[in-house]
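The values are calculated or read from the model by the stated rules, or taken from the named source; none is laboratory data. Worth saying up front: this structure is predicted, and the values here are computed from it rather than measured. No Cβ is skipped: glycine too gets one built from the backbone with ideal geometry, and neighbour counts run over all protein chains shown.
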Amino acid sequence: MTTRLLNPARLITLLLLPLTSLAEEVKRPNILFLITDDQFKHHMNWMPEGKGKNLTPHTDALAASSTILDRQFVTSPVCTPSRFASLTGLYPSRSKASDFLDRQKELDGQASVEWNTFITKGMPSLPKMLRDSGYRTGIVGKNHVVEVPDMEKPEWLAKADDPDMLALLKRNGQKQRAALQEAGFDYSESLYYDNPDFIGVKALASHNLDWIAQGALDFLQKKDERPFFLYCAVTIPHGPGEASRSWNADPRITAEGLLDQPLNIMPARNTIPKRLRQAGLKDNARANLLWLDDMVGALVKQLRDSGELNNTIILYFNDHGQKAKGTIYNGGVHSEAFIKRPGGFPVGPRTDIPVSNIDFTPTLLECAGVSYTPSQFDGKSFLPMLEAKEKQVHDALYFELGFVRGIIKDNLKYIALRYPQSAENMPLAKRKRILERFNKNQQRRGRPVYTDDPMAPFSHVQLIPGGGDAEHKSLTLYPAFYDNDQLYDLSKDPNEQVNLVNDPEYAAQYKDLKDSLRSHLAQMPGTFGELKPTK
């Protein structure tokens, strides 16, 4: 078991304190985990790409008093597996979700990490471990990580006040809350099972941060002596991004139907354009970011007013890189995060030590003083790094998504692309059916159709000719995208444009990285070409 031990002198000091002082001294920290959705680096003033480009004063103030993780990576760069890794400390390919396991069987035993790696009943999780240790736990906003069995599909064109549709959404909501309760969340409100477009009702397919904020504030305002863990997952800047379906949508719209009245807990939405103009900013993406910042401000104000801010750890995290979503190139797996605690961390305001989102669970458990067995996680606590006691967390970082696996070690990166035989030999008729179904769904949602060619190549993450919607923009950014083996020197080529696999100067490093990935895969579920053949 790993525990944080006090030295004898410190223990004697604590024992000599009056009981009231002792209680205050050993009070465990609250944890606020803020996770954004598809945020670009240029949306963040605290990243070089975004400095001065956004009106986000509350978030900027948090970042200024935090440690920014400049080399924060995610093991899988799409929504569900990223959240799975963050809340379990495990690689997403360890999911036991039925859709994930069924997909593995279809692909000749190869595990395909997509939007299918859910937390399932009985699985250990960060909120469950915190709850078991005496925390009260809550979730608001986007779920898309805890499996909810038997969800019903509503009619896409149903009216916003259709009673049958509302009854169906209520049943889905009850099922979702029950699943979240089992996963460790005692409190769950203002929930989106998926992104607004995927709720299943066009009339309700809009963002409502005010509603998410209300759910978070209701949790924070509850009188309770226990420390809290709140997982607050917003749905923006992910699409739909147009004003009429985001900051300027009907404020009564929620994922569960229409509110009787708009909420009045944040600055009025109609003040957003004026505030942006005063700051010299105009585009709509910045409007959504200011709206998000208003929510951050409301939560920080509540913590300050309740006296809890000085005992709260705040982790702000973007779910994955957005420049190359749906790939394990750095544009997809290099994410952004900062972590704050009262008094700061000895490592300082920024660190370039590589960490992964599989490290969040053990790190936050250690921050909370919760004992755990290190071997139960793939991740590792980076609290010793934050406290300037260690200068390295991992020897190497590993990545998994769809039909690619990868490793970063000492600024060198190896990517392996392997399609199973069932994909390589997919009949033309099946390719046509898949593409027609995908294009029909794109048209239904008002999204573009990218190709009508059923023989167009697949992407790295989905067996859709021409690639799916999430990853489509990434397909033309990398010259070696379809090379089976790729090697990049990130110190010279951070955008991964030159494949060094055949460069004799890198032959030894290529072999070393490939061997390291092979050894890693031996410990993971599923096959992966000749790097992990069927036994």
Q) In region 496-512, which residue that is among the polar types (S, T, N, Q) and not in a helix (DSSP H, G or I) is surrounded by the most Cβ atoms within 10 Å (Cβ to Cβ)? A) Asn499
Q: Hey, could you check region 279-319 for residues that are aromatic (Phe, Trp, Tyr) and part of a strand (DSSP E or B) and say which is farthest from the chain's Cα centre (by Cα)?
A: Tyr316
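Results for (1) more than 19 Å from Ser93 (Cα to Cα); (2) crowded, with 24+ Cβ neighbours inside 10 Å, shown as yes or no for each residue.
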| residue | (1), (2) |
| --- | --- |
| Asn330 | yes, no |
| Thr361 | no, yes |
| Leu364 | yes, yes |
| Thr373 | yes, no |
| Pro384 | yes, no |
| Asn411 | yes, no |
Q: Kindly provide the set of residues from region 470-516 that are in contact with a helix residue (DSSP H, G or I) (Cβ under 9 Å, 6 or more places away or on another chain), of a type in the set (A, V, I, L, M, F, W, C) and closer than 17 Å to Gly326 by Cα, ordered by number.
A: Ala470, Leu477, Phe481
Q: Inspect all residues belonging to region 170-182 and state whether any of them is out of contact with any strand residue (DSSP E or B) (no Cβ under 6 Å at 6 or more places or on another chain) and part of a loop (DSSP other than H, G, I, E, B).
A: no
Q. Any chance region 255-277 includes a residue that's buried (at least 24 other Cβ atoms within 10 Å of the Cβ), within 23 Å of Phe33 (Cα to Cα) and more than 18 Å from the chain's Cα centre (by Cα)?
A. yes
**Q.** Count of region 276-334 residues which are modelled with pLDDT of 95 or more and among the basic types (Lys, Arg)
**A.** 2
Q. In region 259-274, is there at least one residue being in a helix (DSSP H, G or I), of a type in the set (D, E, K, R) and under 24 Å from Ala203 (Cα atoms)?
A. yes
Q: Check whether at least one residue in region 477-495 is surrounded by 19 or more Cβ atoms within 10 Å (Cβ to Cβ), modelled with pLDDT under 95 and under 29 Å from Pro240 (Cβ atoms), and report yes or no.
A: no
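Please find, within region 45-79, the residue that is nearest to Asp283 (Cα to Cα) out of those that are among the acidic types (Asp, Glu) and touching a residue at least 12 places away in the same chain (Cβ under 8 Å). Full working, then the answer.
Taking region 45-79 and keeping what is among the acidic types (Asp, Glu), we get 49, 60, 70.
Checking which are touching a residue at least 12 places away in the same chain (Cβ under 8 Å) leaves us with 60, 70.
Working: Asp60: 19, Asp70: 27 Å.
Among those residues, the one meeting the criterion is Asp60.
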Q: Residue by residue through region 127-168, note down the ones that are in contact with a Leu (Cβ under 8 Å, 6 or more places away or on another chain) and assigned to a helix (DSSP H, G or I).
A: Pro127, Met129, Leu130
(Q) Can you tell me which of (1) within 30 Å of Asp469 (Cα to Cα); (2) buried (at least 16 other Cβ atoms within 10 Å of the Cβ) is the one Ser422 doesn't meet? (A) (2)
Q: Working only within region 136-151, note down all residues that are modelled with pLDDT of 95 or more, farther than 18 Å from Pro196 by Cβ and surrounded by fewer than 22 Cβ atoms within 10 Å (Cβ to Cβ).
A: Arg136
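Residues that are closer than 20 Å to Tyr478 by Cα and touching a residue at least 60 places away in the same chain (Cβ under 8 Å): find the strands (runs of 3 or more DSSP E) completely inside region 320-422 holding 1 or more of those. Talk me through it step by step, then tell me what you get.
Numbers: elements: 337-340, 397-401, 404-409, 412-417.
So the answer is 397-401, 404-409, 412-417.
Taking the conditions exactly as written (among the charged types (D, E, K, R), crowded, with 20+ Cβ neighbours inside 10 Å, within 17 Å of the chain's Cα centre (by Cα) and under 24 Å from Ser335 (Cα atoms)), does Arg83 satisfy them or not? Don't jump to the end; show me each part of the working.
Numbers: among the charged types (D, E, K, R): yes; crowded, with 20+ Cβ neighbours inside 10 Å: yes; within 17 Å of the chain's Cα centre (by Cα): yes; under 24 Å from Ser335 (Cα atoms): yes.
Taking the combined requirement at face value, the residue satisfies it.
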Q.
Being of a type in the set (A, V, I, L, M, F, W, C) and closer than 19 Å to Asn45 by Cβ narrows it down to one residue among Leu309, Leu259, Leu276; which is it?
A. Leu276
Q.
Regarding region 237-248, can at least one residue be identified that is at pLDDT 95 or above, among the basic types (Lys, Arg) and more than 23 Å from Met44 (Cα to Cα)?
A. no
Q: Quick one: Leu69 ticks every box in (1) more than 21 Å from Gln376 (Cα to Cα); (2) surrounded by fewer than 24 Cβ atoms within 10 Å (Cβ to Cβ) except a single one, so which number is it?
A: (2)
Q. Condition test on Gly200, is it part of a loop (DSSP other than H, G, I, E, B), out of contact with any Asp or Glu (no Cβ under 9 Å at 6 or more places or on another chain), of a type in the set (Gly, Ala, Ser) and at pLDDT below 95?
A. no
Q. Do we find a residue being of a type in the set (A, V, I, L, M, F, W, C), surrounded by 12 or more Cβ atoms within 10 Å (Cβ to Cβ) and not assigned by TED's automatic domain parsing to the domain that holds Ser133 anywhere in region 437-452?
A. yes
Q: May I ask you to verify whether Asn248 is polar (S, T, N, Q), in the same structural domain as Asp162 (by TED's automatic domain parsing) and in a loop (DSSP other than H, G, I, E, B)?
A: yes
Q: Report, ordered by the first and then the second residue, all pairs with beta carbons closer than 7 Å, sequence separation of six or more or different chains, a first member in region 499-510 that is without any contact (Cβ under 8 Å) to a residue 24 or more places away in the chain, and a second member that is of a type in the set (Phe, Trp, Tyr) and in a helix (DSSP H, G or I).
A: Leu500/Tyr506; Val501/Tyr510
